[in-house]
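Written below as structure tokens is the structure these notes are about.
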Amino acid sequence: MTKRRGNGSRQADIAREAGVSQSTVSMVLRGSGDLSRISPETQRRVISAARRLRYPTNAPQQRDGAERRATPHLLGVHTFEPIFPTSAWDYYFEFLQGIEEQAGLEGCNLVLFTASRDEDGVRRIYRDGVSTLRQAAGSVLLGHHANRDDLVQLAQDGHPYVYIGRREVPEVDLCYVGGDYRSATGRIVDDLVAMGHRGFAYLGEAIRHEPQVDRWDGFSATLDRFGLPVPVPAFVQPDQLTAQWLDAALAGGATAILVESVGLLRVLAAMAGLRGLTIPADVSVVLLVDDQGGEFSPGQWASLRVPRNAMGRRAVRMLAGLLADPTGEHERQVLLPCAHHLAPTAAPPRPKT
């Protein structure tokens, strides 16, 4: 039977509007579009059609489930970054776009919390012991450098929240939606080995959070599986990277370099140019993140693709479920699959002469 909502719209209507099958609509609205390998563009088209037809997927309900809440939940969005993104090319823009899209489908309102920054430039949730998120029914949190004390305090205060990005805090059963960077990095190494690469080097960020650790673990575990040597990684700030490191990596037999951040890649590319090296003829380079619209965009460099929009949408779905049924059984820790491509800066290594 075709599902129909109170406003008369059906999934079949959404399918016609979006130009897709009804099964595709069902998978996207259930939040399983990524697992079903439905493209981000198709998922966005389905969501836009659902919103135009006013077909909410999982609007928060009263605890007995009998009827929808008369007042939509107010969801907070807090980033630990110094500023909210103002450009469509900002790293966090697609996260926020996914959050907004799914909040509309869930029948929730959003408010951005822009707390003042501490001495390190990080936006803190608590000020003088009081949470800035207290007006919201629950919150979605994101940011590269989370304040762990804030995460613990929020949980102790009973404020429901979902973090975008895998974070493990021993004191808290933290809900998160992240990317499966470990598996994705392993698949990149699989493909590079299939190309013929046997020597690798690794450039990682100096500050190691769970996403950075997952990338390194996927890299090293896959080399172990192939019986290949695991290089000593360089975990450094971009301004600490030296041309001597590149010289030593190449002299040690590295034909492929994996890089965790755009900042590190920028320095590495400059050093390769000064050395007269051509990428990928002399060395293959893969960026373990994507730089949408930037100088190292996926069309210009081999890279891992972070499912930002899908992560934002899944985080809102998870939070809406927690608010609708606080005592129910819910997925609390989700890792979404990441895509990658190796053109144009990864190629088979030159034959040894």
Report summary line: Summed over the other residues with a beta carbon less than 11 angstrom from that of SER183, with K and R at +1 and D and E at -1, the charge totals -1
Report task. Order these peptides, 309-318, 136-145, by their mean beta-carbon neighbour count within 10 angstrom, highest first. Result -> 309-318, 136-145
Report task. Give the angle, between 0 and 90 degrees and rounded to the nearest 10, that separates the Cα long axis of helix 262-274 from the longest principal axis of the Cα atoms of the chain. Result -> 20
Query raised in the report: Hey, with R₀ at 41 Å, roughly what FRET efficiency would LEU112 and ALA221 work out to, going by the Cβ-Cβ distance, to 0.05?
Result: 0.60
Report task. Match the structure shown to one of the listed values [x] 15; [y] 29; [z] 23 of percent of Cα pairs over 39 Å apart, computed from it, and give that label. Result -> [z]
Query raised in the report: So for the chain: antiparallel DSSP bridges make up what percent, rounded to the nearest 5?
Result: 20
Requested in this report: Report the extension gain between ARG208 and ASP191 in nm, rounded to one decimal, defined as 0.36 nm multiplied by the number of residues separating them, less their alpha carbon distance.
Outcome: 3.6 nm
Query raised in the report: Tilt of helix 210-226 relative to the longest C-alpha principal axis of the chain, in degrees (0 to 90, nearest 10)?
Result: 50
Query - Beta bridge orientation in the range 110-228: antiparallel %, DSSP, nearest 5 - result: 40
Query raised in the report: Quick one: Cα centre-to-centre distance for the range 254-307 and the range 160-198, in angstrom?
Result: 20
Query raised in the report: Within the range 157-245, which GluC sites (Glu not before Pro) sit in a loop by DSSP and count at most 13 neighbouring Cβ atoms inside 10 Å?
Result: GLU168, GLU171
Report summary line: With 0.36 nm assigned to each residue of separation and the Cα-Cα distance removed, SER48 to SER23 gains 7.4 nm
Query raised in the report: So in the range 256-353, what percent of DSSP beta bridges are antiparallel if you round to the nearest 5?
Result: 35
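Each reported figure results from applying straightforward, stated rules to the coordinates on display, with no laboratory input. Note that this is a predicted model, so its numbers are computed, not measured. Reconstructed Cβ throughout: ideal geometry from the backbone, glycine too, with neighbour counts over all protein chains shown.
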